[in-house]
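The values are calculated or read from the model by the stated rules, or taken from the named source; none is laboratory data. This one's a predicted model, so the numbers in the text were calculated from it and none came from an experiment. Note that each Cβ is placed from the backbone with ideal geometry, even for glycine, and that neighbours are counted across all protein chains shown.
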């Protein structure tokens with residue numbers, strides 16, 4: 001058995017699932033635990049099993065609630081003690097065209113068809129509203145696959161009575177809902193079934209025998225897709241590419257063949273394939289994915305290749321270019337360290353199977369797609385894995401490459417100053433620190449899920465939870481944005497405390513590693529203290545829960561002047577700061593400006 | 001492929017699906033003899049057998065299966 005989690009997915013995912021489950025649970029990683037409710041319009045048993053495996057691969061240990069056969073609507077619509085007690089973190093609604101009760105008849109007038117369309121959509125909308133109100137958690141909803149038979153043939157697509165037309169319009173209505181509602185994600189089985197092959201996907205054998213709305217061998221594909229959405233919601237997407245050069249980004253070996261003889265551009269089919277692959281990679285910058293190079297080459301040869309005018313990817317599309325003869329695992333680790341990313345957030349792309357294997361063995365958790373050695377297959381091999389599945393796109397994402405570039409410029413500037421304080425003052429930093437604002441809630445939720453190192457409580461929050469906290473008077477919430485003369489870092493720090501009697505319990509405190517050692521944490525604390533005092537509170541209480549990754553903030557509260565109250569056997573510590581007397585401000589290098597709207601009020 | 005060979009391969013399929021390396025099957029084995037063999041694992045079992053032997057069962061044939069012996073006969077007719 002090869003790797004059953006690589007394409008094409010193996011039925012072993014279902015038939016050997018217990019064995020696979022055991023070995024996945026033995027992975028040496030920090031799992032997060034999530035409760036997932038599957039509300040099905042058809043059999044979901046193997047879907048649950050396969051979903052469990054894919055989620056474990058992403059470090060998510062799931063507990064499941066499964067509705068009784070085809071009870072998705074009843075389970076959602078009516079008081080349901082079992083589901084309420086389960087308190088789902090995510091609800092996945094597995095429905096398809098077998099759940100469309102009525103279809104247009106050829107004799108129906110346009111109004112009747114329109115009414116039926118709205119009625120069918122309303123059946124689902126009512127359910128989504130009720131789920132939102134009752135459970136307030138993210139919802140994942142299948143759209144619809146195309147029917148596997150066509151009464152009128154091709155005309156089914158254009159005629160309003162045609163089922164293909166009906167499904168298309170229904171899917172657009174679902175998409176409208178997804179665009180206008182947060183925490184609602186479409187699982188695109190319309191695309192997935194086309195990718196898989198509709199006739200195999202919809203094999204009626206599985207429906208009539210077992211009431212499966214899709215063929216059993218297609219179940220791993222469905223589960224893979226749903227797991228991608230879930231891991232994206234919980235911030236487990238990959239963040240960066242580490243790319244080989246020779247025969248990966250261009251045809252040929254630049255050191256041997258010379259830059260002028262590389263295959264790239266529109267002159268040859270092979271050159272076109274490499275150009276298209278470069279366009280595909282370049283498009284990822286819009287998602288905030290960072291491009292880097294890890295190549296066994298002389299640096300000047302690598303650059304001479306990149307400087308060819310017909311390269312789609314230019315030198316400055318890359319944040320770090322490592323072209324040397326060191327092991328690639330070492331170069332990848334260096335890049336990760338410089339960018340304050342963990343090595344497991346990289347996708348490593350190399351045409352050489354030996355290099356791929358070394359990275360797989362040496363860099364735990366890094367993704368290494370089996371791209372083969374044919375450039376025309378590279379895009380599909382990477383794309384189908386869903387490494388960068390988008391569930392929320394914040395404006396910060398598109399600007400990320402620029403931010404990392406500014407960081408590189410800052411670290412160059414740093415070396416020019418002898419005194420660190422002098423360097424910090426030279427940055428002309430300005431912070432905006434204010435309560436959670438609607439426009440930042442998606443970024444704030446993203447940060448709670450992504451930040452592992454500078455994170456005191458490692459508490460993961462969905463956007464819905466962040467919004468709930470923002471609107472609740474029992475909480476003091478703060479986001480921090482930091483600008484300096486090199487550029488805007490965007491929202492980089494998040495803190496939240498719950499008022500309990502005369503004290504504030506700090507349940508959330510984290511900061512992006514891109515602004516480490518800038519005194520931003522002091523600016524945040526000054527502001528938290530100010531706001532707590534304004535409410536008449538007497539103390540702040542801080543908590544540190546150690547994980548494999550957050551050792552750097554073990555002494556955070558000591559540095560902030562807190563007294564340690566207790567420490568348990570696991571190293572969990574509790575700290576307190578008396579704020580009854582006026583405390584001197586700890587930040588002296590960042591200029592503070594509040595949220596503008598708030599100041600106006 | 002003779003019945004003995006089919007039995008050998010099918011035993012492996014059963015062992016995978018029911019996650020029991022010591023499991024043995026005979027002509028007379030039915031769902032009643034294996035604790036985890038319910039209607040849901042039955043689906044997985046049949047699909048695993050299809051995959052292993054490279055065959056595709058039709059509904060009518062699958063529906064009438066009474067015990068492992070009949071499953072072996074069915075596979076024997078298809079391979």
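When we screen B:19, B:51 for residues that are over 15 Å from residue A:210 (Cα atoms), outside any loop (DSSP other than H, G, I, E, B) and either within 14 Å of another protein chain (Cβ to nearest Cβ) or without any contact (Cβ under 8 Å) to a residue 24 or more places away in the chain (or both), the only hit is B:51.
Within 14 Å of chain A (Cβ to nearest Cβ), outside any helix (DSSP H, G or I) and either free of Cβ contacts under 8 Å to residues at least 60 places away in the same chain or surrounded by fewer than 18 Cβ atoms within 10 Å (Cβ to Cβ) (or both): is that true of residue B:56 in this structure? When the stated conditions are applied, residue B:56 passes them. Scanning the stretch A:339-355 for residues that are crowded, with 19+ Cβ neighbours inside 10 Å and free of Cβ contacts under 8 Å to residues at least 40 places away in the same chain yields one hit, A:343.
Evaluated against (1) out of contact with any strand residue (DSSP E or B) (no Cβ under 7 Å at 6 or more places or on another chain); (2) farther than 24 Å from residue A:463 by Cβ; (3) surrounded by 19 or more Cβ atoms within 10 Å (Cβ to Cβ), residue A:96 falls short on exactly one condition, (1). Please find, within the stretch A:205-223, the residue that is farthest from the other protein chains (Cβ to nearest Cβ) out of those that are free of Cβ contacts under 8 Å to residues at least 60 places away in the same chain and closer than 19 Å to residue B:51 by Cβ. The residue in question is A:218. Note on the stretch B:52-73: residues that are touching a helix residue (DSSP H, G or I) at 6+ places or on another chain (Cβ under 7 Å), modelled with pLDDT of 90 or more and under 15 Å from residue A:205 (Cβ atoms) amount to 3. Note on the stretch A:18-52: among residues that are modelled with pLDDT under 90 and either away from chain B (no Cβ under 11 Å) or buried (at least 20 other Cβ atoms within 10 Å of the Cβ) (or both), the one that is farthest from residue A:371 (Cα to Cα) is A:30.
Going through (1) within 14 Å of chain A (Cβ to nearest Cβ); (2) part of a loop (DSSP other than H, G, I, E, B) one by one, residue B:10 falls short only on (2). Looking across A:288, A:271, A:252, A:235, one residue alone is over 29 Å from residue A:191 (Cβ atoms) and in contact with a helix residue (DSSP H, G or I) (Cβ under 8 Å, 6 or more places away or on another chain). It is A:252. Among all residues of the stretch B:23-36, there is none that is within 14 Å of chain A (Cβ to nearest Cβ) and assigned to a helix (DSSP H, G or I).
Of the residues making up the stretch A:57-70, one or more are over 26 Å from residue B:10 (Cβ atoms) and in a helix (DSSP H, G or I).
Residues of the stretch A:366-383 that are surrounded by 15 or more Cβ atoms within 10 Å (Cβ to Cβ) and either assigned to a loop (DSSP other than H, G, I, E, B) or touching a strand residue (DSSP E or B) at 6+ places or on another chain (Cβ under 6 Å) (or both): A:366, A:367, A:368, A:369, A:371. Quick check on the stretch A:561-572. Is at least one of its residues buried (at least 18 other Cβ atoms within 10 Å of the Cβ) and touching a helix residue (DSSP H, G or I) at 6+ places or on another chain (Cβ under 8 Å)? No - not one qualifying residue is present in the stretch A:561-572.
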